[in-house]
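Engineer: Shown below is the structure under consideration.
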Amino acid sequence: MNKNIFINEFSKLKRTLLVYLCVGSPLIISCIIFLYFFVDDGTVMAQVVGSRWLFFAELLQTYWGIFFLPLFVTLQTALLAGIEHNGKMWKLLYVQPVRKLDILSAKILTALIVVGVSQALLLPMTLVGGILLRRFNPALGFEPVAPLSQIILLNLSVYGLSLIIISLHAWVSLKWESFVTAVSFGIIATVSGVIVVNSRIAVYYPWAMPGLIANHFFEVDFPWANLGYSLGLSIIILLAGLLDLIKKETY
């Protein structure tokens, strides 16, 4: 991939809503979960067997994975593609002496990185939230030292489990010019994930899988099968999407 194309993609993000969403989305869910525990008198944590830190991290990642992550990916990919769609810039891009594949790959890679940044921000937010709760609400029983390696593993796993929806939304957003189409697809898929959350297929339904796996991440075996499924299917979707977008002739 041409490095300049990739750098150019990130330069387009300056002073856009996408930057605020990237930081704001994990911050909002972190504040909500923090406040939930901040006003607790210890009743919730009294029922927890094991590390309070891990329970706190699991709950944060669960709500992030089921509600915030799918909607963030929906808006993020729609806004990213909209930079070119709204300005009718595709024709101008494609007449440049650069491969069409490189242009599209840079767009998709940017989407993957932006979501990855938001996911990564949840780590320090989890740690800061836990430290503040330990200081201001000792009844919760947070341990003096956070199990950092396990929280990092949870964070990375949730990102890995989200690769399918990032790939699908990137494809949809780049293929169809309409912002409404891309957002509607994401909302319908997210709501469907909430509906099927108690079914047998939920742990393999892309829009529900990250949150559901996070919900009992430290109580069950490591989700190798789900991660393999996510990685394999996302690669297939990305290849199919690139092939489809390269063949597209109208912009």
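Engineer: Can you give the angle from 0 to 90° between the axis of helix 224-247 and the longest principal axis of the chain, with both taken from C-alpha atoms, to the nearest 10?
Structural biologist: Around 20 degrees separate the two axes.
Engineer: Counting C-alpha atoms alone, how compact is segment 58-139: give Rg to one decimal and Dmax as a whole number, in angstrom.
Structural biologist: For segment 58-139, the Cα-based Rg and Dmax read 18.7, 64 Å.
Engineer: Still on this structure, I have one more. Expressed in nm to one decimal, what extension gain is obtained for the pair Leu132 and Lys14 from 0.36 nm per residue of sequence separation less their Cα-Cα distance? Please list the in-between numbers first.
Structural biologist: Working: separation 118, 0.36 × 118 = 42.48 nm, distance 3.19 nm.
Gain in length upon complete extension: 39.3 nm.
Engineer: What per residue convex hull volume, in Å³, comes out for the chain when only alpha-carbon positions are used?
Structural biologist: Numbers: hull volume 33.3 nm³, N = 251.
Given the Cα convex hull of the chain, per-residue volume reads 133 Å³.
Engineer: Taking Cα atoms, how many degrees apart are the long axis of helix 100-136 and the longest axis of the chain, rounded to 10 and kept between 0 and 90?
Structural biologist: Once rounded, the angle reads 20 degrees.
Engineer: Of Phe142, Ile236, Phe217, whose Cα points farthest to the positive end of the dipole of the chain (charges on the beta-carbon: +1 Lys, Arg; -1 Asp, Glu; origin at the Cα centre)?
Structural biologist: Farthest towards the positive end: Ile236.
Engineer: Rank by packing, highest mean first: peptides 175-185, 110-120, 205-215, with packing defined as the count of other Cβ atoms within 10 Å averaged across residues. Show your work: numbers first, answer last.
Structural biologist: On the way: 175-185: 15.7, 110-120: 19.5, 205-215: 24.1.
The most tightly packed comes first, giving 205-215, 110-120, 175-185.
Engineer: Can you tell me the FRET efficiency between Gln47 and Lys88 if r is taken as the Cβ-Cβ distance and R0 is 51 Å, rounded to the nearest 0.05?
Structural biologist: On the way: r = 56 Å, r/R0 = 1.11.
So the FRET efficiency works out to roughly 0.35.
Engineer: Output the Kirkwood hydrodynamic radius of segment 1-128, Cα pairs only, in Å rounded to one decimal.
Structural biologist: On the way: mean 1/r = 0.0597 Å⁻¹.
Every distinct Cα pair counted, the radius reaches 16.7 Å.
Engineer: Cα axis of helix 179-195 to longest principal axis of the chain: angle in degrees, 0 to 90, nearest 10?
Structural biologist: 30 degrees
Engineer: Starting with the highest mean, order 137-143, 69-75, 20-26 by the number of other Cβ atoms within 10 Å, averaged over the residues of each peptide. Spell out each step's value before the answer.
Structural biologist: Details: 137-143: 15.6, 69-75: 24.3, 20-26: 17.7.
Put in order of decreasing packing, that is 69-75, 20-26, 137-143.
Engineer: Can you compute the modelled spin-label distance between Arg200 and Val95, with each label point 7 Å from Cα toward Cβ, in nm?
Structural biologist: 5.7 nm
Each reported figure results from applying straightforward, stated rules to the coordinates on display, with no laboratory input. Note that the coordinates shown come from a computational prediction; the quantities given were computed from them, not determined experimentally. Here Cβ is always computed from backbone atoms with ideal geometry, including for glycine, and neighbour counts include all displayed protein chains.
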